[in-house]
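**Student:** The structure's right below; bear with me while I get my questions together.
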Amino acid sequence: MYADIIIDISHEKLDRVFQYRIPEEMLAHLVIGMQVQVPFGGGNTLRTGYVVDISERADYDVNKIKNIAGIVENSVPIESQLIALAAWMRRNYGGTMNQALKTVIPVKRKEQLKKKRTVMLALTDMAEAKSLLAELERKHRTARARLLAALLENPCIDYEVVTHKLNITAAVLRGMEEQGVIRIVSEDCYRNPVSHLTKQGYDIILNEQQQAVVDAIDADFQAGQYDNYLLQGVTGSGKTEVYMELIARAAKKGRSSIVLIPEIALTFQTVMRFYNRFGDRVSILHSRLSQGERYDQFLRAKNGELDVMIGPRSALFTPFSNLGYMIIDEEHESSYKSETVPRYHARETAIARGRMAGASVILGSATPSMESSYRAQKGLLKRFYLTNRAKDESRLPSCYVTDLREELRSGNRSILSRQLQELMEDRLKRQEQIMLFLNRRGMAGFVSCRECGEAVKCPHCDVSLSLHTGGKLKCHYCGYEMPQVTRCPFCGSKYIGGFRAGTQKIEEIVRQRFPGARVLRMDQDSTRTKDSYEKILSAFANEEADILIGTQMIVKGHDFPKVTLVGILAADLSLHASDYRAAERTFQLLTQAAGRAGRGARAGEVVIQTYQPDHYAVQTAKDQDYERFYEQELAYREMMCYPPVWNLLMIAVSSPKEQEADACSLGIGQWLQKNQPLLRIIGPTEASIAKVNDIYRRVIYLKSESYEMLVQAKDGLEKMLSQGLWRQTNVQFDFNPMNGF
């Protein structure tokens with residue numbers, strides 16, 4: 001028997017399978033997905049590899065095939081389906097097969113299971129036990145008497161309770177065990193990251209719209225038609241209840257489900273909702289769990305002990321053997337795109353896994369990505385709508401747009417407009433809650449005018465120019481540059497520059513303006529510890545604070561019924577990002593932020609503060625009008641040949657030597673001109689940050705209506721680069737990038 005093995009070395013030349021003979025003593029133990037050690041190269045250096053296939057036939061001269069040296073202890077085998085998914089990811093996103101395999105392994109190594117010890121009463125004759133208790137008390141053996149008295153009330157007590165609460169030492173326990181008075185039973189148990197939750201029950205009844213969606217999707221599922229769906233529902237429309245009902249129906253058929261959320265910050269409220277319905281059949285998987293907790297959730301999923309796994313992007317690779325649904329909530333979020341090789345998108349990867357596993361994929365959002373809406377328009381996704389909020393008494397909030405240019409002209413230089421300050425005073429008097437959202441997306445680098453609101457843009461790419469050191473404004477797409485301006489080129493104002501206020505500064509301003517208010521801040525600095533998200537959100541939910549200040553993490557998916565005012569402090573910052581998705585991201589952020597207000601019985605209001613009040617992203621967000629935004633944005637994408645109408649491939653080149661980076665990027669450009677004449681080629685040019693940690697960075701963009709043509713270009717470049725022309729360069733590929741390089 002022979003095994004095809006991928007060597008654990010991420011190098012283009014080694015990105016293929018190597019065949020090894022399976023020694024007879026390993027035949028009964030070796031399975032696809034295992035990690036093994038093999039002799040590699042002329043010196044037979046022992047290397048780790050992954051078994052991706054096993055066959056009876058040798059593809060090479062049997063005399064030259066080496067034996068597998070051994071199986072790596074404590075490694076976690078990869079499911080064969082996930083190996084196939086890794087191959088799909090390597091093909092569609094680039095990188096090596098080794099990198100793809102490592103991506104699909106949610107847990108890398110085995111961990112020791114936690115031992116649960118229980119102290120039990122060994123005496124079955126109660127009269128004898130009571131007689132012994134009296135004797136121990138007479139002889140003042142207080143520790144033994146205390147333990148025996150507790151066991152007579154409860155004959156089975158947790159070991160930790162005995163040692164910590166009853167203060168019984170190990171020596172006393174050993175002595176009583178030797179006398180036959182007690183037994184200490186030890187058993188394996190899982191570390192459960194949701195064990196501290198208390199189930200409060202589930203009594204929600206779906207409304208007519210929700211029920212219609214559930215029935216339609218479930219009818220397909222029961223008929224064995226596993227399709228891909230887009231659930232577009234206004235904020236507060238009850239998409240989560242739809243997910244849970246579908247998951248519950250699938251669970252009755254023995255099918256498990258994965259629910260992806262964009263950030264760890266959403267875990268607390270999401271898990272509470274699911275836990276109330278599914279109890280211990282739900283768990284979480286994310287980067288802040290310990291290695292032991294992650295391994296135990298992996299085992300519980302693999303052993304069929306869970307119905308639902310919730311987590312950010314990496315939870316997509318949970319090893320359920322009978323997958324029913326994969327649900328991507330807030331599917332428009334950029335965090336679903338990996339920033340490391342392979343730069344996969346969870347949305348497309350989930351659809352690929354669903355096709356392999358016979359599972360349905362549901363994409364949910366109040367503000368779907370342009371890609372998902374475009375696919376739904378083309379009939380590639382089945383779209384369902386939830387147009388009303390789920391709670392009868394809840395209505396969408398009233399939205400106001402405040403022109404910060406007018407605030408400046410009238411003498412108000414504060415980050416808080418007069419209207420927002422008045423509404424905050426009113427809410428504090430009424431003991432209602434307030435959320436202040438600082439839109440930090442796109443803060444770095446852009447230059448805009450506070451007098452007229454215009455940002456300095458590239459004349460060729462219609463994206464904002466970024467400010468670089470040395471006083472240059474530069475386009476990250478085509479390389480166009482111009483000197484830094486000191487006066488606005490549109491109105492001549494001297495009030496032109498970047499925006500520098502952060503959440504800490506906002507907190508300071510709010511505390512000065514409203515000294516009696518209880519204020520919480522939620523940002524990267526305040527959420528570094530394991531349970532920090534949960535503590536801040538729990539405190540706000542329990543009304544221990546009046547005002548919550550934060551960035552994107554506070555406006556996604558949270559439900560606080562007493563929040564009746566949301567202030568969006570710098571709505572147009574994200575409009576000025578050097579990114580063709582700037583308007584889409586702005587619309588999504590503003591709509592999601594506005595959706596936090598008025599989710600209970602009390603009416604909500606939203607103040608959108610902006611220097612560009614007439615921009616279509618701001619106006620459509622104010623009106624919660626997704627369709628009007630989509631039409632205008634799609635027209636812009638069509639005109640500029642951007643996704644989703646066209647496809648975009650970013651080729652990122654980096655090297656510690658500037659000449660190597662330049663030579664490689666120019667060489668790639670020339671190869672593309674010669675071999676891919678049908679593609680639109682932009683660059684090479686310097687990356688957004690041309691040098692990081694003494695590494696020089698260059699970038700090339702390719703545009704095509706055909707995704708497959710870009711994949712073919714990537715394949716050709718990988719083959720060309722494997723010849724080793726530029727040994728000190730690193731080349732990475734990013735299809736339809738969500739972020740720059």
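**Student:** Can you compute the charge dipole magnitude of segment 225-326 about its Cα centre, using +1 on each Lys and Arg Cβ and -1 on each Asp and Glu Cβ, nothing else charged? Give it in debye, rounded to the nearest 20. All intermediate terms of the calculation are to be shown ahead of the outcome.
**Tutor:** On the way: 13 positive and 9 negative charges, 26 e Å.
In total the dipole reaches around 120 debye.
**Student:** Hey, can you grab everything whose amide H is under 5 Å from the amide H of Arg521? Only 5+ residues off in sequence or another chain; H modelled, so Pro and N-termini drop out.
**Tutor:** When sequence neighbours closer than 5 places are left aside, the close amide H contacts are Ile549.
**Student:** Using only alpha carbon pairs under 8 Å that are at least six residues apart, calculate the relative contact order of segment 234-321 and give it in whole percent.
**Tutor:** Relative contact order comes out at 37 percent.
**Student:** If you don't mind, there's one more thing I want to ask. In whole Å, what are the Cα extents of segment 689-741 along the three principal axes, biggest one first?
**Tutor:** 36, 29, 11
**Student:** Shape verdict for segment 620-703, please, from the Cα gyration tensor: rounded (a/c under 1.5), prolate (a/b greater than b/c) or oblate.
**Tutor:** It is oblate, given that a/c is not under 1.5 and a/b is not larger than b/c.
**Student:** For the charge dipole of segment 257-365, defined by +1 on Lys and Arg C-beta atoms and -1 on Asp and Glu C-beta atoms about the Cα centroid, which residue among Ile261, Met356, Val308 has the Cα displaced farthest towards the positive pole?
**Tutor:** Met356
**Student:** A further question follows. How much of the DSSP bridge set in the chain is antiparallel, in percent, rounded to the nearest 5?
**Tutor:** 55 percent
**Student:** Set the bar at 21 Å for Cα to Cα. Now go through Lys66/Lys108; Lys535/Lys562; Lys13/Lys714; Lys108/Lys719 and name every pair that lies beyond it.
**Tutor:** Details: Lys66/Lys108 26 Å; Lys535/Lys562 18 Å; Lys13/Lys714 15 Å; Lys108/Lys719 30 Å.
Beyond 21 Å between Cα atoms: Lys66/Lys108; Lys108/Lys719.
**Student:** Given a 1.4 angstrom probe, I'd like the percentage of the accessible area of the chain that is carbon and sulfur, rounded to a whole number.
**Tutor:** Working: 15080 of 32220 Å².
Roughly 47 percent of what the probe reaches on the chain is carbon or sulfur.
**Student:** Can I ask one more? Picking from Gly43, Tyr2, Met26, whose Cα lies most toward the positive end of the charge dipole for segment 1-65 (charges on Cβ: Lys, Arg +1; Asp, Glu -1)?
**Tutor:** Of the options given, the answer is Gly43.
**Student:** Indicate the helices, whole DSSP H runs only, in the chain that combine a mean Kyte-Doolittle hydropathy of -1.0 or more with a Cα extent along their long axis of 24 angstrom or more.
**Tutor:** 658-675
**Student:** Can you figure out the FRET efficiency of Ala603 with Gln222, using R₀ = 41 Å and their beta-carbon distance, to the nearest 0.05?
**Tutor:** Details: r = 41 Å, r/R0 = 1.00.
It comes to 0.50.
**Student:** Please name whichever of Met97, Ala170, Ala149 sits farthest to the positive end of the charge dipole of segment 53-197, dipole taken about the Cα centre and charges placed at Cβ: Lys and Arg +1, Asp and Glu -1.
**Tutor:** Met97
**Student:** Would you mind classifying segment 1-90 by shape? Square roots of the alpha carbon gyration tensor eigenvalues, ordered a ≥ b ≥ c; an a/c under 1.5 is rounded, otherwise it is prolate if a/b is larger than b/c and oblate if not.
**Tutor:** Rounded, because the longest to shortest axis ratio a/c is under 1.5.
**Student:** Something else about it: Just the accessible area per residue of segment 479-606, please: how many Å² with a 1.4 Å probe? If you can, show how the numbers build up before the last one.
**Tutor:** On the way: 4960 Å² over 128 residues.
Averaged over the residues of segment 479-606, the accessible area is 39 Å².
**Student:** Can you tell me the order of 209-218, 306-315, 77-86 when each peptide is scored by its average per-residue count of other Cβ atoms within 10 angstrom, highest first?
**Tutor:** Descending packing order for the listed peptides: 306-315, 77-86, 209-218.
**Student:** Mean residue ellipticity at 222 nm from the helices of the chain, using -39,500 (n - 2.57) per DSSP H segment of n ≥ 4 over the full residue count, to the nearest 500 deg cm²/dmol?
**Tutor:** On the way: 20 runs with 235 residues, N = 741.
Value at 222 nm, helices only, nearest 500: -10000 deg cm²/dmol.
**Student:** Under a plain spin-label model, where a point goes 7 Å from the Cα along Cα-to-Cβ, how far apart in nm are Val692 and Asp125?
**Tutor:** In this crude spin-label approximation the distance works out to 7.6 nm.
**Student:** At a probe radius of 1.4 Å, what is the per-residue accessible area of Leu725, in Å² to the nearest 10?
**Tutor:** About 100 Å², rounded to the nearest 10.
**Student:** A further question on this structure: How much FRET efficiency would the formula 1/(1 + (r/R0)^6) give for Ser80 and Arg117, where r is the Cβ-Cβ distance and R0 is 30 Å, rounded to 0.05?
**Tutor:** Here the calculated transfer efficiency is 0.20.
**Student:** Expressed as a rounded percentage, what relative contact order does the chain have, with Cα pairs under 8 Å and six or more residues apart? Can you show the working numbers first?
**Tutor:** Values: 1418 pairs, mean separation 81.7, N = 741.
The normalised contact order for the chain reaches 11 percent.
**Student:** Right, another one. How high is the relative contact order of segment 561-694? Use alpha-carbon pairs under 8 Å, at least six apart in sequence, and give a whole percent.
**Tutor:** 20 percent
**Student:** How do 616-628, 417-429 rank on mean C-beta neighbours within 10 Å, highest first?
**Tutor:** 616-628, 417-429
**Student:** Moving on. Distance in nm between label sites at Arg418 and Lys674, each 7 Å beyond Cα in the beta-carbon direction?
**Tutor:** 6.8 nm
**Student:** Same structure again: Using R₀ = 60 Å, calculate the FRET efficiency as 1/(1 + (r/R₀)^6) where r is the Cβ-Cβ separation of Arg511 and Lys110; round to 0.05.
**Tutor:** Efficiency computed from Cβ-Cβ geometry: 0.75.
**Student:** Another question, if that's okay. For the residue pair Thr45 and Arg487, what label-to-label distance in nm results when each label sits 7 Å from Cα along the Cα-to-beta-carbon direction?
**Tutor:** Taking the two extended label points, one gets 6.4 nm.
**Student:** Another question about this same structure. Placing +1 at every Lys and Arg Cβ and -1 at every Asp and Glu Cβ, with all other atoms neutral, what dipole size does the chain have around its Cα centre, in debye to the nearest 20?
**Tutor:** Roughly 1200 debye for the chain.
**Student:** Per residue, how much accessible surface does segment 91-233 expose to a 1.4 Å probe? Answer in Å², no decimals. Please list the in-between numbers first.
**Tutor:** Values: 8130 Å² over 143 residues.
Here the per-residue accessible area is 57 Å².
**Student:** Which residues in segment 96-136 have a backbone N closer than 20 Å to a point placed 7 Å from the Cα of Asp188 along the Cα-to-Cβ line?
**Tutor:** In segment 96-136, the label zone of Asp188 (backbone N under 20 Å from the point 7 Å along Cα→Cβ) covers 106-118.
**Student:** On to the next question. Cα-Cα over 20 Å: which of Lys102/Lys302; Lys252/Lys302; Lys472/Lys494; Lys505/Lys622?
**Tutor:** Exceeds cut-off: Lys505/Lys622.
**Student:** What ranking, highest mean first, results for peptides 21-34, 645-658 when packing means the other Cβ atoms within 10 Å averaged over each residue?
**Tutor:** Packing order, densest peptide first, comes out as 645-658, 21-34.
**Student:** Which whole-number value in Å² is the accessible area per residue of segment 615-741, probe 1.4 Å? Walk me through the numbers before you get to the answer.
**Tutor:** Values: 5700 Å² over 127 residues.
That works out to 45 Å² per residue.
The values are calculated or read from the model by the stated rules, or taken from the named source; none is laboratory data. Since the model is a prediction, treat every value here as computed from it, not as a measurement. Heads up, the Cβs are rebuilt from the backbone with ideal geometry, glycines too, and the neighbour counts pull from every protein chain shown. Heavy atoms of the whole protein, side chains included, go into the accessibility calculation; ligands, DNA and RNA do not. Shrake-Rupley method; radii C 1.70, N 1.55, O 1.52, S 1.80 Å.
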